[in-house]
1. Could you list all residues from segment 173-214 that are of a type in the set (D, E, K, R) and surrounded by 15 or more Cβ atoms within 10 Å (Cβ to Cβ)?
2. Quickly run through segment 48-92 and pick out the residues that are charged (D, E, K, R), under 22 Å from GLU115 (Cα atoms) and assigned to a loop (DSSP other than H, G, I, E, B).
3. Of all the residues that make up segment 139-170, how many are among the charged types (D, E, K, R) and in contact with a Phe, Trp or Tyr (Cβ under 7 Å, 6 or more places away or on another chain)?
4. Could you please let me know if ARG157 is free of Cβ contacts under 8 Å to residues at least 60 places away in the same chain and of a type outside the set (A, V, I, L, M)?
5. For segment 82-111, what are the residues that are of a type in the set (D, E, K, R) and modelled with pLDDT of 95 or more?
6. Inside segment 180-221, can you point out the residues that are under 20 Å from GLY150 (Cβ atoms) and of a type in the set (S, T, N, Q)?
7. Hey, does segment 93-105 have a residue that's assigned to a loop (DSSP other than H, G, I, E, B), among the aliphatic types (A, V, I, L, M) and surrounded by fewer than 15 Cβ atoms within 10 Å (Cβ to Cβ)?
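The values are calculated or read from the model by the stated rules, or taken from the named source; none is laboratory data. This is a predicted model, so every value here is computed, not measured. As a convention, Cβ positions derive from the backbone with ideal geometry for all residues, glycine included, and neighbour counts pool all protein chains shown.
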Amino acid sequence: MKIFLLFLSCFFSLASSFSQSVQKDSITNLQIKNAIDLYNHFTDGQAPIFNGPEYIYYSFKMEGDPYFEKAGYSKGWVGYKARIYTPVSLFFDIHRNELVILNADSTAEIVMQNENVDSFNLHGHTFISLRENQHENLYNTAFYDRLYNGHTQLFARRFKTMDQKITSDFLIRVFQQKNRLYIHKEGLYYLVSNKKDVFKLFADKKSALKKQMHKAHIKFRRKNFEAALVQAIAFYDQLTY
């Protein structure tokens with residue numbers, strides 16, 4: 001009986017100690033969160049993402065525009081030096097490859113330092129900063145639109161070229177968007193431009209992949225090539241992994 005009572009006494013003592021420990025941990029976590037929130041509130045205007053030169057707008061007549069999706073600010077998030085900032089007002093000048101944000105008090109338009117931007121999300125698209133790596137067949141440092149993220153990945157490099165034309169004695173700059181699609185497979189990047197490139201890259205599952213696409217009524221056409229490629233890669237991953 002004495003042994004049983006001693007056991008109960010030790011049990012309740014340990015339970016009480018554990019409960020106090022859990023409460024202390026919860027309080028500590030809450031205090032840390034509150035401290036971080038307070039720090040973010042009082043340093044918002046001085047956050048590292050607001051360091052950069054002011055954006056200079058184009059001053060000539062143009063046809064089209066140099067921006068991704070549309071001109072003007074939209075809400076998104078930015079991964080900057082391994083930290084996520086959200087929500088942020090931003091737009092992406094894909095002709096100059098410049099990500100532009102509006103500072104905390106909406107008084108300045110700042111070009112972000114590309115080397116410090118890890119990723120960002122704009123208009124439902126997530127862009128990843130990829131560095132030139134010739135060993136992986138990647139020859140351009142840029143922000144790449146990640147279209148599919150599985151065992152195999154699909155990225156698009158979005159950019160706009162600028163040409164000139166003269167109309168009624170006016171010089172007009174004409175912007176046209178270009179897209180280069182890269183499949184990342186087994187550590188290497190492959191530029192793909194047509195269905196021949198795709199089936200060559202997925203030769204090990206070519207027959208099964210074609211059957212899957214035929215069953216799903218998916219065809220590679222110029223207008224829907226990007227969307228069809230996303231589906232093809234998803235099917236390939238299902239067949240392979």
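1. Of segment 173-214, the ones of a type in the set (D, E, K, R) are 173, 178, 180, 185-186, 195-197, 200, 204-206, 210-211.
ARG173, ARG180, LYS185, LYS195, ASP197, LYS205, LYS210, listed by residue number.
2. Result: LYS81, single match.
3. First, the residues of segment 139-170 that are among the charged types (D, E, K, R): 145-146, 157-158, 160, 163, 165, 169.
Now restrict to residues that are in contact with a Phe, Trp or Tyr (Cβ under 7 Å, 6 or more places away or on another chain): 145-146, 157-158, 160.
Total meeting the criteria: 5.
4. For ARG157, the condition - free of Cβ contacts under 8 Å to residues at least 60 places away in the same chain and of a type outside the set (A, V, I, L, M) - is met.
5. Within segment 82-111, ARG83, ASP93, ARG96, GLU98, GLU109 meet the criteria.
6. GLN212
7. No.
Residues are listed down the side, and each one gets a yes or a no for (1) over 25 Å from ASP204 (Cβ atoms); (2) not charged (D, E, K, R):
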residue: THR141; (1), (2): yes, yes
residue: ALA156; (1), (2): no, yes
residue: LYS160; (1), (2): yes, no
residue: ASP163; (1), (2): yes, no
residue: LEU171; (1), (2): yes, yes
residue: PHE175; (1), (2): yes, yes
residue: TYR182; (1), (2): no, yes
